[in-house]
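Novice: Pasting in a structure now, in structure tokens, and then I'll have a few things to ask.
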Amino acid sequence: MDRGPDITVALAWSIINRIPSEFPEAESGVLKGGGEVGLLREPTRLDNPEPLTFEFQEYGERWTTSHSLCADAQKVLEIYGPLAVKEKWILGQLGQSLDGRIATEAGDSHYVTGDEDLIRLHRIRSMADAVIVGANTVISDNPKMTVRMVEGSNPVRVILDPQGRLDNDSFVFQDRSAKTIVLRGRGISLSQSHPAVEMIDLDYVKGEGFGMSELKSILRQEGYKKILVEGGGVTVSRFLQAGALDRLHITVAPMIIGSGRRGLELSAIESLSEAIKPKCRQFKLGNDVLFDLNLRI
Ligand SMILES: NC(=O)c1ccc[n+]([C@@H]2O[C@H](COP(=O)([O-])OP(=O)(O)OC[C@H]3O[C@@H](n4cnc5c(N)ncnc54)[C@H](OP(=O)(O)O)[C@@H]3O)[C@@H](O)[C@H]2O)c1
């Protein structure tokens, strides 16, 4: 009788969760288990009783294992490995249509990409210390910004609302399951205050936003080393334009919206030689394709 693959998605994900404490900033490493692997809460009995090893190279981008693994488990190791080995990162992410839109003009973005991509989003949230969104996303989506589709702890929610446009009813100001911080423009008088929320004032230039170095140093002072910039397009674009992203996940869905909110939009360039051409890996997530861009190579 044919045996199924030994290494499941759950086991691969538990390996990813072990990496940060055991291999911070390691270019390569080996994790060893036994015939019975105590890596999961419930030890897993493998059909193949040989010692189990997981070996990674290139800072978690390439993995080999002693046992057979299913394609989805390999994907888990390769997609999240590079985030697991790094002690600090700022990752931008967007789910977009073929024509580069992240929502309709009215702000409907639920959902551009499919279930597998949503799980990816919840996994990277669970790996992050803080997750950032811009004010328009809170207005359009009233998001929860918590980890629900996988096990893991909620990151701190950081909302960029320089002009104090958000009202008190938003979920992120009412819910206590994660801390919420609002960054607002210095000297902006608010029509409403958000009692359950920490406010931090920063210098702000209308149309340009906060200075990226002040914004980054506030985040570091707060102790956030792993930061997910979750959207929308304006927010991720400003981080990218300022050279503040280490990696970028763009998931493209086979959908044409034809109008609506744009994903990335940067300053105009004249020649394609000035375009950003990062090292790129691609992963199929259901019907969607994830482009994982390393912006530091
Ligand atoms: N498909 C996806 O992956 C995805 C993800 C998230 C959101 N969305 C959708 O995207 C849409 C919203 O995106 P959006 O591009 O319109 O807006 P957004 O990025 O959510 O918010 C932009 C606003 O946030 C503030 N902001 C952002 N970066 C800042 C900075 N560096 N400094 C200071 N302030 C900053 C500014 O507020 P002020 O205007 O007050 O200055 C800016 O106009 C919604 O429809 C949402 O559903 C899609």
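Novice: Listed residues Gln192, Gln96; which is modelled with pLDDT of 95 or more and either buried (at least 18 other Cβ atoms within 10 Å of the Cβ) or away from the ligand (no atom under 12 Å from the Cβ) (or both)?
Specialist: Gln96
Here's the yes/no breakdown for (1) more than 20 Å from the chain's Cα centre (by Cα); (2) within 15 Å of the ligand (Cβ to nearest atom); (3) within 26 Å of Ser153 (Cα to Cα); (4) in a strand (DSSP E or B):
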| position | (1), (2), (3), (4) |
| --- | --- |
| Ala196 | yes, no, yes, no |
| Ser213 | yes, yes, no, no |
| Leu219 | no, yes, yes, no |
| Ser237 | no, yes, no, no |
| Thr251 | no, yes, yes, yes |
| Pro254 | yes, yes, no, no |
| Gly258 | yes, no, no, no |
| Cys280 | no, no, no, yes |
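Novice: Under the condition of being within 9 Å of the ligand (Cβ to nearest atom) and touching a residue at least 40 places away in the same chain (Cβ under 8 Å), which residue from region 118-138 is surrounded by the most Cβ atoms within 10 Å (Cβ to Cβ)?
Specialist: For region 118-138, the residue satisfying everything is Ile132.
Novice: Across region 150-189, which residue is farthest from the ligand (Cβ to nearest atom) among those that are in contact with a helix residue (DSSP H, G or I) (Cβ under 8 Å, 6 or more places away or on another chain) and of a type in the set (Ser, Thr, Tyr)?
Specialist: Out of the qualifying residues, it is Ser153.
Novice: Checking Tyr224 against (1) hydroxyl-bearing (Ser, Thr, Tyr); (2) surrounded by 12 or more Cβ atoms within 10 Å (Cβ to Cβ); (3) within 15 Å of the ligand (Cβ to nearest atom), which single condition isn't satisfied?
Specialist: The one condition Tyr224 does not meet is (3).
Novice: Within region 31-58, can you find the residues that are at pLDDT 95 or above and part of a loop (DSSP other than H, G, I, E, B)?
Specialist: Within region 31-58, Glu58 is the sole residue that qualifies.
Novice: Pairs only if they're at least six apart or on different chains, beta carbon under 9 angstrom, first in region 170-187 and under 17 Å from Tyr204 (Cα atoms), second small (Gly, Ala, Ser) and assigned to a loop (DSSP other than H, G, I, E, B); list them, first residue then second.
Specialist: The qualifying pairs are Val182/Gly164; Arg184/Gly164; Gly185/Gly164.
Novice: Please determine, by comparing only the residues of region 103-117 that are part of a loop (DSSP other than H, G, I, E, B) and of a type outside the set (Ser, Thr, Tyr), which one is surrounded by the most Cβ atoms within 10 Å (Cβ to Cβ).
Specialist: Step by step, filter region 103-117, then rank; the result is Val112.
The values are calculated or read from the model by the stated rules, or taken from the named source; none is laboratory data. Since this is a predicted model, take the numbers as computed values, not measurements. Glycine gets a Cβ as well: all are built from the backbone with ideal geometry, and neighbour counts include every protein chain shown.
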